[in-house]
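Structure record follows, encoded as C-alpha cells.
The values are calculated or read from the model by the stated rules, or taken from the named source; none is laboratory data. Predicted model, so just to flag it, every value in this text is computed and none were measured. Positions of Cβ are backbone-derived with ideal geometry, glycine not excepted, and every protein chain shown enters the neighbour counts. Each accessible area value is taken on the protein alone, full model and side chains, heavy atoms only, with ligands, DNA and RNA left out. Shrake-Rupley method; radii C 1.70, N 1.55, O 1.52, S 1.80 Å.
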Amino acid sequence: MVQISLFPTNKLLKTYDTIRTSFWFVPCLIIFATLLLCSSLLWVDKNLHLQDIHWLNFLYHADGSITRDLLTTVAGSVMTVVSITFSITMVALTNASSQFGPRLIRNFMNDPSTQSVLGVFTSIFLYCLVLARATDNFAGGEYLPGLTLGGAILLTFSGILLLIYFIHHVAINLQADNVIDKVFETMQTNILHIFDEQRSNEAKNTSCKSIERPLKSAFTPIHIKRSGYVQAINYTSLTQILSSYDQCAELLITPGDYITSRMIVIHHSGDDPSPSQIESLLSCITLGAKRTPIQDPEFAILQLVEIALRALSPSINDPYSAIVCVDKLSTTLCNLLHKEFPQGIACDNEDKPRLIFKKASFESLANSAYDQIRQHANRSLSVQLRLLEGLCRIAEQAQNQKHWKFIRQQKNMLEHELKKRDFVDHDMQEINERITCLEHIMAKRSL
C-alpha cells in the first residue's frame, strides 16, 4: 500500500527545506505579527478609552513630544543592536565555515533561536517607528496610546534580555563538542525519517517484497535533460504514474548522486512511454546545485566526516574533535545494525511491484563513515586507536555477514596502516590491546 507523504511533491519538499534554512522567513513572520500587534493596540487605545480605568491610567500620563523623542531614541538604539546582532551572526558563520566546513553553515542557518532573535530585534525597531509616526495624532492632545507605548517598553526590555541570551547562545553553539553533538542528533533524525519514507512505499504483502526484479527483459532507457545533484525523488508519484499505465521501471539513481545531461536514469519496462509520460516520470526527480539531507542519508554522515577531516588537517590540528566525531559515527553505525533497511521495491495499492530503486545499505553508509577518516588519520595514532575501539563496539552488536565483512575490511586496513610505522613500546602495547580485543570479539561472535 502506497502511503502519501507529508509533502506531495518534491518542489514543496525542497521549498520547505529552503525556508527552514533561511534567515528571512521566521524574521518576516515575527515582523508581521509585531506590526499586527502594534496596529491592534493602537486601535484599542483609540476606541476603548482605557485611560478611564483606574489601574491603567498611569500609562496615559505622558507628554506626547517627550514620548516621541523616547521612541525615536529606542528605535535608533535597537537598530544599532540589530547591526551588532547581524555582525555576530556573520562572524559565527565565517568561523563555522573555516573550522567545521562550508556545508555546516546550513546547520547554523537552521537554528531557530538565531532566526527568532534577528526577527525580534528588527520588529522592535519597526514597532517603535510606527508608534513614533502615530504620535503626530496624540502629540496635539487628541489621544494618547498608552497601552501601545507600554508594549514598546516591554519589547525593549525583552530585547535586552534576548541580546544577553543570543550572545550566550552563539558562544555555546561555536564550541566544537556542541556543534558535533547537534550534527549527530540531526543525522539520527534525518536517517530515521529517510528510512521510514522509503519503507512507506513498500508493500505490506510479503509476497511482493520477495520479488527481486519485476521488470521484463526488454526495457526502454529514459534520459534526463539536465545535470546536477539529485536532491529528492518522489517515489510515491513514480509508483502511481507507473501503476496508472500498468507498467514497471527501475530507477538507476538515488538522492545524493550527481547526474549529467542525457544520462540514463530510468529503465522503463512495458510499452514505449509517450513524451508526456516521460516528462511525468522525470518531474518526480528534483535536481539542484548541491547535496541536501532531504532524502540523502549519506550526506548527514559526511557532515560529521568533514568535521573530523578538518580537525585532522595541519592548519587546525585538533585530534580531540576528530575522536568525538569517530565516537558519534560509531554510535550511528551501532544503531544502523538494528535498523531494517528498505527492500528497494515500491508497490502500488494492489501490492503489485512497480518500481525498483537504489536503496541505502549498511556497507555503503559504514564505509562512508570510516574510509576518509581512516585515510587521513595515518599521522594521528589516537584517532586510529579510537577507530579500532569503534569497530569493537560495532562487532559486539553485529548480526550478519555484511556487518562482519565491513568490520574485517576496516580492521585489516587499519592494521596495515599501523604496521607501516614504528612505535615505541607503550604505543605498540596500546595498538596490540585493541587489535587483540577486536579479534577476540570477532572469534567469539562471528558466524
Fill in: Helix axis angle, 10-20 relative to the chain longest principal axis, alpha carbon, degrees
50
Practice prompt. Kindly provide the helix-only [θ] at 222 nm of the chain, computed as the sum of -39,500 (n - 2.57) over DSSP H runs of four or more divided by all residues, to the nearest 500 deg cm²/dmol?
Written response: -21500 deg cm²/dmol
Worksheet item: To the nearest 10 Å², what's Thr254's accessible area with a 1.4 Å probe?
Response: 30
Worksheet item: Computed from these coordinates, which is Rg/Rh (Cα atoms, Kirkwood Rh): (i) 0.99; (ii) 1.11; (iii) 0.96?
Response: (ii)
Item to complete: Take Val130, Val120 and sort them by solvent-accessible surface of the protein heavy atoms, 1.4 Å probe, largest at the top.
Response: Val130, Val120
Practice prompt. Would you work out which of Asn317, Phe423, Phe341 lies farthest towards the positive end of the dipole of the range 309-439? Charges go on Cβ: Lys and Arg +1, Asp and Glu -1.
Written response: Phe341
Discussion item. Need the full-extension length gain, Ser368 to Ile167, defined as separation in residues times 0.36 nm minus the C-alpha distance. One decimal, nm.
Written reply: 68.8 nm
Discussion item. Using only Cα atoms and rounding to the nearest 10 degrees, what angle (0 to 90) does helix 297-312 make with the longest principal axis of the chain?
Written reply: 80
Worksheet item: Given the Cα-Cα distance of Leu12 and Phe25 and 0.36 nm per residue of separation, how much length would full extension add, in nm?
Response: 3.2 nm
Item to complete: Order the following by accessible area, largest value first: Val91, Val230, Val74. Probe radius 1.4 Å; ligands, DNA and RNA are ignored.
Response: Val91, Val74, Val230
Practice prompt. Would you mind getting me the FRET efficiency between Ile160 and Ser113? Use the beta-carbon distance for r and R0 = 25 Å, nearest 0.05.
Written response: 0.95
Item to complete: Name the residue farthest towards the positive end of the dipole of the range 261-301 from the options Ile264, Pro275, Gln295, assuming +1 on Cβ of Lys and Arg, -1 on Cβ of Asp and Glu, about the Cα centre.
Response: Gln295
Worksheet entry | Which of Leu93, Gln409, Leu438, positive extreme of dipole for the chain (C-beta unit charges) | Gln409
Discussion item. Taking the 0 to 90 degree range and rounding to the nearest ten, how far is the long axis of helix 146-173 tilted relative to the main principal axis of the chain, both from C-alpha atoms?
Written reply: 30
Response to the item:
The pairs in Lys359/Lys402; Lys14/Lys225; Lys339/Lys359; Lys290/Lys358 lying past 18 Å Cα-Cα in this model are Lys14/Lys225; Lys290/Lys358
Discussion item. Let's test the formula: R0 of 25 Å, r as the Cβ-Cβ distance of Ser98 and Lys182. What FRET efficiency results, to the nearest 0.05?
Written reply: 0.90
Response to the item:
Expressed as a percent, the accessible surface of the chain that is carbon or sulfur, using a 1.4 Å probe and the full set of protein chains, is 58
Practice prompt. At q = 0.14, 0.16, 0.24 Å⁻¹, work out log10 I(q)/I(0) for the range 395-435 with the Debye formula, treating every Cα as an identical point scatterer and leaving solvent out; two decimals please.
Written response: -0.40, -0.50, -0.82
Worksheet item: Which of Asn190, Asn47, Asn349 moves most in a GNM of the chain, Cα contacts under 10 Å?
Response: Asn47
Discussion item. Under 15 Å between alpha carbons, and skipping anything fewer than 8 positions from Lys444 in its own chain: which aspartates and glutamates qualify?
Written reply: Glu396
Worksheet item: Ignoring ligands, DNA and RNA, how do Lys420, Lys328, Lys358 rank by accessible area with a 1.4 Å probe, largest first?
Response: Lys420, Lys358, Lys328
Discussion item. Can you compute the equivalent ellipsoid semi-axes for the range 285-333, i.e. the square root of 5 times each eigenvalue of the Cα gyration tensor, sorted largest first and rounded to whole Å?
Written reply: 25, 14, 4
Worksheet item: Mind checking the dipole of the chain: about its Cα centre, +1 per Lys or Arg Cβ, -1 per Asp or Glu Cβ, Debye to the nearest 20?
Response: 1060
Practice prompt. Compute the relative contact order of the chain as a whole-number percentage, counting only Cα pairs closer than 8 Å that sit 6 or more residues apart in sequence.
Written response: 17
Worksheet, complete the sentence: Heavy-atom accessible area per residue of the range 361-447, all protein chains kept, 1.4 Å probe, expressed in Å², is 54
